[in-house]
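Below is one structure, written out as structure tokens; comments come after it.
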Amino acid sequence: KFSSFFVKNNIENYSENRKYDLVISNTSLEHIENDEVAVLKMSELRDSNGLAIHIVPSPWALILYLFHGYRQYNISKIKKMFKDDNYTIYKLGGLGTFLLHLITITLYERRYFAGKFRKRPIYNKLFNIIIKIDIFLPFLPIFYGILIKPKK
């Protein structure tokens with residue numbers, strides 16, 4: 001059996017006695033003033049056999065998204081935040097997706113298309129090619145994914 005529900009709430013004010021099998025933060029930690037408290041709170045909500053997934057912007061995201069959120073995360077910051085956890089860090093994106101985003105969205109779309117370039121079929125075709133290139137050029141990741149495995 002599998003049951004799920006979505007909780008949208010401010011983590012700093014969230015209190016719940018139940019434990020969760022899966023806790024996810026998707027590009028939200030950079031918007032929380034005290035992200036370390038938020039991560040600790042999410043850890044407390046996770047069941048001992050549960051997983052957590054956090055997706056955070058890398059320092060390269062600052063170029064793409066300009067001044068968006070309080071911060072970006074480098075590997076040493078991530079290791080410090082999750083030092084007590086059993087985690088794996090994944091690079092999300094690479095040189096190809098970085099350049100695609102920079103050229104088509106950060107520079108071109110913001111100037112000329114106001115969010116509409118990504119809706120064109122050519123963007124999807126380019127994206128599908130580019131993500132294959134990222135496998136061979138995995139530097140300049142836009143995001144990091146952190147998978148926290150069950151507590152030992």
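The values are calculated or read from the model by the stated rules, or taken from the named source; none is laboratory data. Since this is a predicted model, take the numbers as computed values, not measurements. Heads up, the Cβs are rebuilt from the backbone with ideal geometry, glycines too, and the neighbour counts pull from every protein chain shown. In case anyone asks, the SASA skips ligands and DNA or RNA and just uses the protein heavy atoms, side chains included. Shrake-Rupley method; radii C 1.70, N 1.55, O 1.52, S 1.80 Å.
GNM remark for the chain: springs join alpha carbons under 10 Å apart, and the peak mean-square fluctuation among 24, 122, 142 falls on 122. Mean-square fluctuations from a GNM of the chain, with a 10 angstrom spring cutoff on Cα atoms, peak among 140, 99, 29 at 99. Ligands, DNA and RNA aside, residue 103 has an accessible area near 100 Å² when probed at 1.4 Å. Accessible area per residue for the chain, computed on protein heavy atoms with a 1.4 Å probe, is 67 Å². According to the square roots a ≥ b ≥ c of the eigenvalues of the Cα gyration tensor, what is the shape class of the range 67-152, taking rounded for a/c under 1.5, prolate for a/b larger than b/c otherwise, and oblate for the remainder? Because a/c hits 1.5 or more and a/b exceeds b/c, the range 67-152 counts as prolate.
Between the range 1-27 and the range 80-152, the alpha-carbon centres lie 25 Å apart.
Bridges between two residues of the chain, per DSSP, are antiparallel at a rate of about 65%. Relative to the longest principal axis of the Cα atoms of the chain, the long axis of helix 35-45 makes an angle of roughly 50 degrees. Of the trypsin sites (Lys or Arg not before Pro) in the range 1-101, the ones in a loop by DSSP (not H, G, I, E or B) with at most 12 other beta carbons within 10 Å are 1, 8, 18, 83. In the structure shown, the pairs 41/80; 41/119; 79/151; 19/80; 91/151 are assessed against 26 Å; a Cα-Cα span above that value is assigned to 41/119.
Taking a quarter of the surface of the convex hull around the Cα atoms of the chain, what do you get in nm²?
In nm², the orientation-averaged hull projection of the chain is 11.0.
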